[in-house]
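Read the structure below first, then the notes.
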Amino acid sequence: MLLIGLHMVALDAKGRLAIPARYRPLLEEHCQGKLVITMQHHGKSLMLYPENEFEEVARTVRKLSDFDEAEQKFKYLFFGHAIQLDLDSSGRV
């Protein structure tokens, strides 16, 4: 599932992130609102994955070298900052 576009979002007072409304039904249908959010490789933005697709990407990332500095850093950012989330009834995580 590919969600395209750059979206500037803000956290609410409780630290929740609202998923853009046009994506909510797609995420509910595709992955029952089960998501993983992690940091982009440059560390300046977030990547949101349906949980099942995160697992597919993670299999590829696991194969990267632990001895190559750039690959090791990417693995650290990708896995070290990954958090499993559930979309709530108001479309927030």
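Derivation of every value follows stated rules applied to the coordinates shown; laboratory data play no part. Since this is a predicted model, take the numbers as computed values, not measurements. Cβ placement follows ideal geometry from the backbone for every residue including glycine, while neighbour counts extend to all protein chains displayed.
Quick notes on this structure:
- Relative contact order of the chain: 35 percent, from C-alpha pairs under 8 Å at least 6 residues apart in sequence.
- Mean shadow area of the chain, taken as a quarter of the surface of its Cα convex hull (nm²): 6.3
- In the chain, the sites counted are trypsin sites (Lys or Arg not before Pro) in DSSP loop states with at most 10 other Cβ atoms within 10 Å, and the longest stretch holding none of them, exclusive of the sites, is 64-93.
- Dividing the helix sum by the residues of the chain, where each DSSP H run of 4 or more adds -39500 (n - 2.57), gives a mean residue ellipticity at 222 nm of -10500 deg cm²/dmol.
- Within segment 3-40, backbone nitrogen closer than 16 Å to the virtual label 7 Å beyond the Cα of residue 84 toward Cβ: 31-38
- Using a Förster distance of 30 Å, the FRET efficiency for residue 56-residue 13 (Cβ separation, nearest 0.05): 0.30
- Taking 0.36 nm per residue of sequence separation and removing the Cα-Cα distance, the residue 67/residue 22 pair yields an extension gain of 12.1 nm.
- Loop-located chymotrypsin sites (Phe, Trp or Tyr not before Pro) in the chain (DSSP state other than H, G, I, E, B) with a sparse environment of at most 12 neighbouring Cβ atoms within 10 Å: 67.
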